[in-house]
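Below: one structure, written as structure tokens.
The values are calculated or read from the model by the stated rules, or taken from the named source; none is laboratory data. In this text the structure is predicted, and so the values were computed from the model without any measurement. Positions of Cβ are generated from backbone atoms using ideal geometry, with glycine treated the same way; all protein chains shown enter the neighbour counts.
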Amino acid sequence: MVAALVGTLGDLDLAEEAAQEAFALAAERWPRLGPPANERAWLITTGRNRAIDRIRRSQNLAAKTRLLAAERPADAGPPGMSPDGSPFRDERLELIFTCCHPALALEAQVALTLRTLGGLTTDEIAAAFLVPPATMAQRLVRAKRKIAAAGIPFRVPLPEVWPERLAAVLAVVYLVFNQGWTLPPGDRPRGECPDLVAEALWLGRALAELLPDEAEVHGLLALMLLHDSRRDARFVLVAGGGEGQVEQVLLADQDRSRWDRAQIDEGLAVFRRVLGLDGRGPYGLQAAIAVAHTRPGPDWAHIAVLYAELGRLTGSPVVALNRAVAVAEVEGPEAGLRLVDRLPLDAYRYFHTTRGELLHRLGRIPEAIAAYDRAVALTPDGPERRQFLRRRAELESAGQG
């Protein structure tokens, strides 16, 4: 709805408010009168009409009405397609490329699109960027103001500018995927809102069709397919933990028979396309690491080299943390801990669980327990927190033994 309305209205806030009002009116009328023959067209038309009412009240009728009158009918063409001949197959992809305007900082592009398209809350986006919610709220407000002040148009950009927006577009798709991928199966949406993993995979496939010669597009798609192939093995029911209570399972402990073999095969096929395009970008490297983990007994030395190359490209301390894990597998826990202790990641829970495991392997149990205490304090209630608490209890028992 927002994607369909924003191109017409040219205003994110107005499009969001119009969509909310249309859904509220549908919730009130449809149970009494029955749904219309074309629900999508009804919602978009109603949203447009509500927006016109708001424009009238704002004394901007003349300029905005000319813009609205020139737009195509809301029900033109089949749902999910672009009746104007655009190469984009869906308004969602149009909205991503539109919000990812180079006049905005990259983080603002990603955050704004996650808020508008993915429906993520400000708190969820802040967690993805490892910043306080108040900071992210300010960034979103500034991004919307800049769009309004600069007159950035909400329309499909020309193909020649797609490459300069691609990095932000890929970041959006990957963050949408990650936000959904972290949810246990029981928390996945069942019709009332989008399944973010399914949305991200759809968008990844659409991008691969739109840009078949971009190695990073295929790298991202392969990465998402390979990660999601493990979805059924990532969580287990907790014995005695209450109805439906689950706990996360680490990759090394997962039951590989529960991995989706067909999806792994699709991911490997897409990755071969990355190799064919000589892809060595960040997503191609992450896909290569995911491929390595599909094999029993991963080659940790090779994985460490891939993480080192990825770290040179991104400068990310999280990548450096993952490299330290691989180095610990090759050179021992002391070498890994030396690398970990250099990283500025005190607010990142996986930094502390990694330290905890390396300290445990070195026999430094009290320090390992303290690291897990810090990780638990940084983790909201849910499967991960229960996993950390269980691991802490195991360390405590080992220390007493």
Index of the failed condition, LEU358 passing every other in (1) crowded, with 16+ Cβ neighbours inside 10 Å; (2) part of a loop (DSSP other than H, G, I, E, B)
(2)
Residue identified as in a helix (DSSP H, G or I), modelled with pLDDT of 75 or more and either touching a strand residue (DSSP E or B) at 6+ places or on another chain (Cβ under 8 Å) or on the phi < 0 side of the Ramachandran plot (or both) among ALA37, ALA63, ALA19
ALA19
Are any of the residues in the stretch 288-304 of a type in the set (Lys, Arg), surrounded by fewer than 16 Cβ atoms within 10 Å (Cβ to Cβ) and at pLDDT 95 or above?
no
Is at least one residue of the stretch 243-256 of a type in the set (Asp, Glu) and under 20 Å from ASP299 (Cβ atoms)?
yes
How many residues of the stretch 294-319 are assigned to a helix (DSSP H, G or I) and either of a type in the set (Phe, Trp, Tyr) or touching a residue at least 60 places away in the same chain (Cβ under 8 Å) (or both)? The answer is 2
Among GLY281, GLY311, GLY267, GLY315, the single one that is surrounded by fewer than 18 Cβ atoms within 10 Å (Cβ to Cβ) and of a type in the set (Gly, Ala, Ser) is GLY315
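Just checking, which of LEU120, LEU93, LEU104 is in contact (Cβ under 8 Å) with a residue 24 or more places away in the chain and part of a helix (DSSP H, G or I)?
Numbers: LEU120 fails: part of a helix (DSSP H, G or I); LEU104 fails: part of a helix (DSSP H, G or I).
Answer to the check: LEU93.
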